[in-house]
Every structure is written in structure tokens, then in C-alpha cells.
Amino acid sequence: MSHHRIRYARTAALVPVLVAATAFAGCGREEVKYEPKPAYTGTKASLPPVPNVPQKPIKSGDAYTVWGASYSLRNRVHRKEVADQKLNITGYIIKTNLLDAPACAVHKGGKADPEGCVAPVPTFWIADSKDAPIEDSIKVMGWASNFAQIYDAIQEYDKGKDDTEVMDSVWGVTLPNPLPAVGAKVTVEGTYATTFTMSSGGAEADPLMGIITYSSIKYDEPGPELATLPGVKRRAR
């Protein structure tokens with residue numbers, strides 16, 4: 001048999017096998033028809049409730065609240081209404097640094113502190129409630145240049161005249177009467193900003209709560225006790 005006939009015979013023999021394989025593949029399992037299903041199955045997602053954020057008042061009468069002033073200072077829209085503006089801010093005095101005065105700074109006015117005596121600028125803090133944390137308060141500075149000015153004011157105020165006025169000989173501002181005491185509710189008038197620059201020791205800054213540079217004060221509620229300095233006893237009024 002010739003070479004061409006042998007190749008033809010082999011090819012002819014393979015044809016039934018290929019046909020059978022094709023027939024077998026066609027007789028296999030039927031294809032599963034795709035049936036689209038909706039994405040929503042009827043199950044609702046469990047979401048946490050929307051937090052109930054209390055709405056704090058911006059003002060108390062004509063004066064700002066501590067929160068209202070500080071919120072406006074941080075707000076890009078309202079910042080220009082309060083920053084570097086003269087405002088009235090109402091709050092409770094929650095802290096003073098009068099009792100933190102070093103002994104070397106407690107003396108009559110007109111006398112310099114001894115060399116090496118380091119004393120802070122007299123300051124008090126106001127907040128919207130008596131028990132507020134210090135970080136939620138605004139510093140009030142500029143009402144006394146040093147503790148000697150406060151010492152002199154105590155001597156005058158304890159003479160018993162409610163309308164006594166004592167002028168700070170350095171800054172030319174009238175000291176509060178009565179002096180700032182923890183627990184008193186006050187309305188402070190002054191320039192509100194992020195910095196206090198009157199101190200010779202350098203500027204002090206608080207970009208979050210701001211600082212009010214004192215001009216005047218009105219007492220809405222008196223403090224339970226008269227404010228004083230370390231080692232200085234007050235006379236009952």
C-alpha cells in the first residue's frame with residue numbers, strides 16, 4: 001500500500017472517534033440558565049442613632065457666653081465678629097492665680113520685686129458653669145499688672161467703702177472691686193483675641209479659647225468669699 005493510502009486510512013479511522021466525542025460532549029449536562037436577582041433582599045441595615053448634640057447658646061442677653069465667644073473665634077464665618085473686638089462675656093469665675101503669687105511678689109506698690117522673683121501676670125478664668133473644666137474657660141488678663149497693685153487695692157477696699165476705686169499705676173486700669181473670687185458670676189468687658197500682649201514678660205496666646213484683655217467688670221452674683229493674696233487677711237465687710 002502506498003504512503004498516501006496509509007495516511008488516508010488513518011484519517012478515515014479517526015473520523016468516527018471525533019464524531020463520537022462531539023456527540024458525547026453534546027449529550028452532557030445542560031447549562032444552568034442565569035437568572036438575575038435583585039440586590040435588595042428585604043434586610044435592613046442596622047445603623048447607630050444620630051447623636052443628639054446639645055445646642056449651646058451663643059449669647060446670654062447682650063453678652064456672649066464663654067462657649068459662644070470661643071466658638072465664634074474658631075469659626076471662619078463668625079471669627080471677624082469677635083476677633084480683636086471689644087466684647088462683653090458672661091461667665092462664672094472658676095479659677096484665679098492670686099493664691100499662687102510667690103511671697104516675694106506680695107508687697108506694697110511702688111516697690112520692685114526682689115531680683116530673681118518670678119511672678120505670673122494676675123489672671124482669672126471664666127466659664128459657662130461653676131464646675132466647668134479649665135480647658136473650657138477663657139482667661140481674663142490686663143486687670144492688674146502685678147500682685148503689688150492687688151495688695152494696695154486690698155488695703156483700700158478693706159476700709160469699708162463699696163465705691164472705692166484703685167487705679168493700676170502701671171497699666172492705668174481700674175482694678176475690679178471686689179477683686180475676682182472663685183464662684184462669682186460676672187460680665188467682663190474687654191478686647192477679645194487669641195493673644196495678650198501687655199505683659200513685659202512676653203505675649204501669651206490661646207488660639208482655641210482666646211483671651212480677653214480687661215476693661216471693666218460687672219458682678220451678677222458675688223463670690224462666697226473675698227479674694228486675697230497669700231499671707232494677707234481680709235477684713236469682713
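Bear in mind these aren't lab numbers, they're just calculated from the coordinates by the rules spelled out. All figures in this text were calculated on a predicted structure; none of them were measured in a lab. Glycine gets a Cβ as well: all are built from the backbone with ideal geometry, and neighbour counts include every protein chain shown.
Some observations on this one:
- Rough spin-label spacing in nm, given labels placed 7 Å along Cα→Cβ, for Q155 and Q55: 5.4 nm
- Candidate aspartates and glutamates - alpha carbon under 20 Å from K56, same-chain residues fewer than 8 apart omitted: E81, D128, D131, E135, D136
- Region 59-221, Rg to Rh (Cα coordinates; Rh as Kirkwood inverse mean 1/r): 0.97
- Förster radius 35 Å - calculated FRET efficiency between V118 and E225 (Cβ-Cβ, nearest 0.05): 0.80
- In terms of distances greater than 21 angstrom between alpha carbons, the cross-link table entries K139/K233; K95/K159; K161/K233; K59/K130 yield K139/K233; K95/K159.
- In this rough spin-label picture, where each label sits 7 Å from Cα along the Cβ direction, the A103-Y71 distance is 4.7 nm.
- Computed FRET value (nearest 0.05) for E81 with S129, which takes r as the C-beta separation and R₀ as 30 Å: 0.80
- Inter-part distance where region 103-165 and region 59-91 are each reduced to a Cα centre, Å: 25 Å
- Note on E189 and A203: the model spin-label points, each 7 Å out from Cα along the C-beta direction, lie 2.7 nm apart.
- Net charge contributed by nearby residues that have their C-beta within less than 10 Å of T123 (K/R +1, D/E -1): 0
- Listed peptides 190-198, 141-149, 162-170, 202-210 appear in the order 141-149, 190-198, 202-210, 162-170 once ranked by packing, highest mean of other Cβ atoms within 10 Å at the front.
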